[in-house]
1. Restrict the search to region 1-107; then list the chymotrypsin sites (Phe, Trp or Tyr not before Pro) that DSSP places in a loop and that have at most 15 other Cβ atoms within 10 Å of their Cβ.
2. Just name one of Gly554, Ile222, Ala571: the one whose Cα is farthest towards the positive end of the charge dipole of the chain (beta-carbon charges, Lys/Arg +1, Asp/Glu -1).
3. Exposure proxy check: Thr463, Thr548 ranked by fewest other beta carbons within 10 Å?
4. Return one quarter of the surface area of the convex hull spanned by the alpha-carbon atoms of region 558-784, equal to its mean projected area, in nm².
5. Please list the non-local residues whose amide H lies under 5 Å from the amide H of Ser157, H modeled 1.01 Å from N, same-chain partners needing a gap of 5 or more.
6. Can you list residues whose amide H is under 5 Å from Gln436's amide H, if they're 5+ apart or on another chain and H is modeled 1.01 Å from N?
7. Mind putting a number on the dipole of the chain about its Cα centre? Charges go on the C-beta only, +1 for Lys and Arg and -1 for Asp and Glu, and I need it in Debye to the nearest 20.
8. At a Förster radius of 56 Å, what calculated FRET efficiency corresponds to the Cβ-Cβ distance of Asp177 and Ala423, to the nearest 0.05?
Amino acid sequence: MDAPALRLPDVAWLDEHIRPVGAAASVLRTVLLTGATGFLGRHLLAELLRHTDWQLVCLVRAEDDAHARRRLEAALADLGDDLPPLAGRWQALAGRVERPGFDLPAARLAWIGDQVDAIIHAAAQVSWLKRWQGLAGSHVEGTRHAIALACTGRPKSLVLVSTLAVCYASDGPAQVDETTDMRPWLDRIPLGYAQAKCLAEGLARQAAARGLPVSIARPALICGDSRSGEANTSDLIARMLRGCALSGLAPDVDWRLDCIPVDTVATALRHLAASPPQGLRTVHLRHPRPRHWRELVLWLQLRGYPQRLTPLDAWQTFVRRDAAGRAPCLHALQRFFLARPAGMDGRSLPELYLGGAGQRIDDGASQRWLAERGIAVPELDAPLLARYLHYFRRVGYLPGEPDATDAAAAARDHLRAALDGLAPDYHLQPGSLRRQAAGSGLLSELGAQAGGRPSGLWRATLTGADGLATAVLLKQRADDATLDRLAVELAELTRPGLGAVVRDHLPVLPHRGGQDREFGVWRHGGPGIRRHMPAQFGPAAPLAPGLTVNQWLGDASLIDSADRPGDWRPAHLAAAVDALVDIHAGWLGEDVALAEAAWLDTHANGPDVPDAQPLWSALEAATREHLDGFGIARLADLQRQVLSTLPAWWPAWQAAPQTLVHNDFNPRNLAFRPTATGLVCCAYDWELAAVGLPQGDLAELLCFVVPAPAMASEAPHWLERHRRGLEAATGQALDPAAWRTGFGLALRHLMLSRIPFYAMTDRIRPQAFLGRVLAGWVAAMRWVEGGAEGG
């Protein structure tokens, strides 16, 4: 939309006489920092002390310089033992940013004018409640005085710490990037703090237009230090966590938790300050992979704080009526949580700031800027959350005892000890062991923090006896007890009472008995299967229960491509179907051998599946509303049909030809390697492998990859390629009509036992592929039943 006419208050304009004369220094020796005693400020000061040789002049609100120094020493006390020796590189000056010249004596102002090369203005009065006029002193006037001081004597480059909240405006621009000036939408920014920052940015833009080098940083919510876990207990995230922990209630909102660790912000600000002076530069500091709020709620529940997801309006009623007694930290922000500003169509402030408005913010240029400087934003993963929890418990902010051991360190020690079992053939290369992001595997990642042994993914480099280095991926699976608890807690959070039903039917869930299943498939599955697995390293027995050491697939394509269906080509699908032929051929019809395979637990698809009708019915009821939200015609009818006819079709499923199946064969677990004869599909994550219909792996793959409108024309081709391939590989005659019937049975099984769990996970961590999979499933079912020739 077009920007509205610019109508700004008088304080929005920079005095005409404030102009730089000359050029700013390109090499920094002395830097003035405001806000050094604040949460961000003290981390920034520590970053500058550790990673630059600059002399740092810190403006501190204090009675005198001695008081300022004591405040600064106290702020730095908990940030590291390596800081006291650096005390000679900083000095503290008593001053006030809201007053002209920062309320400094004339002689000191003259010294700053001559000696300081840059100013980092990080002082802030953060408030979710006040109007901008009540914050103008520290933000608007503080910025005006910082600019004036930057133009005094030798020009000084200016770094202004703003906030990403300036980009949130009701009925604002369709896209906000680093170049967007938000002042035209000032009256549509509903948060007073963000309005004050917007006005401050406007002053900085005017100064830049007059020749002053200006950098503006717009950080998202700033969370705790990613290394120590030290966090700001007065910020919004901390208050929300404490409020949920104390009350047991969490708002059921689609909030993507866009927060960035304070140490990352400090590093980015250092680079901004050190960058060559130029006119105006703005950087958005946000997380490239934000987490969903409900993931955090599930994590709280797993860490011993029972939660119930509550509709936002009901949660707001709780904040208004009961938070003063049960969660005072939320009561203190009651005005923010309940406010419904004009111009927002009756929505409350949380619905703007905790909703989807952030999706309009473009940070592409900023992500490139960070990457060029090697600044990686730490994953908001379970280990990082554990460090925050440890800190909150240690300082008494959350109830409970802090963990006695460092889970991350314990996991590294466990893996190093296990890898000793590879000697003398391989040795772990020192310093190479590092945790790997878990991608879309929510339960796998949270398993690392739900108790039991360490679990997750790690990258490492092994050095062979020949001196050659080999990249590997270590996968430590959580034990069954931990995964049982995860399944129960996920179900309970999805719908109260569902957890108890899941607990009563745990034996039919596919994760059961999977501790060393992947290892067993590699060792005993046969050459056809091994051709399509990452190579495993190690002796004839697992190095540790649930641990596999796998070939690193860094040179493969389409790794974890569930959200990139457009990247799939017919050659990829052909390679995947041909891989299924190799995988299924070795065990097709070998019922006795499969039943006797100790490494392959066959319980999940046994004759007692119909006896678990209470589970399947409860899952259908719990996920019905969520699946209905996708608006896919006939989905609900077909899902109910699958459930109501289970006693009729399950015997046919069991009587059909069976084999060893991957049981999670979709783009989340596939990659492709080029060879001289073409692409070869590599399937990983085999811990759900089971005895089942060979058509099951194919049905799942097609639902993920083939667009619903093309399903009726493509499914017959790929089903026939699969059938004929197996006939050729095994010498067995496979009737085409029976094969199509088996495909329909496999689709029913997919809806019964897998899709409801996808839906539950989607509620906690949105799965972008789910709508596409559901549409594909309906189209495939209609084709099998002869109900449609198109989508």
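1. Trp13
2. Among Gly554, Ile222, Ala571, the one farthest towards the positive end of the dipole of the chain is Ile222.
3. So the residues, fewest neighbours to most, are Thr463, Thr548.
4. For region 558-784, the mean projected area of the Cα convex hull comes to 12.2 nm².
5. Ala25, Ile119
6. It is Leu457, Trp458, Arg459, by chain and number.
7. About 2120 debye.
8. Rounded to the nearest 0.05, the efficiency is 0.60.
None of the figures in this text is laboratory data; all of them are computed from the coordinates on show. Keep in mind it's a predicted model, so treat the numbers as computed, not measured. Cβ: placed from backbone, ideal geometry, glycine included. Neighbour counts: every protein chain shown.
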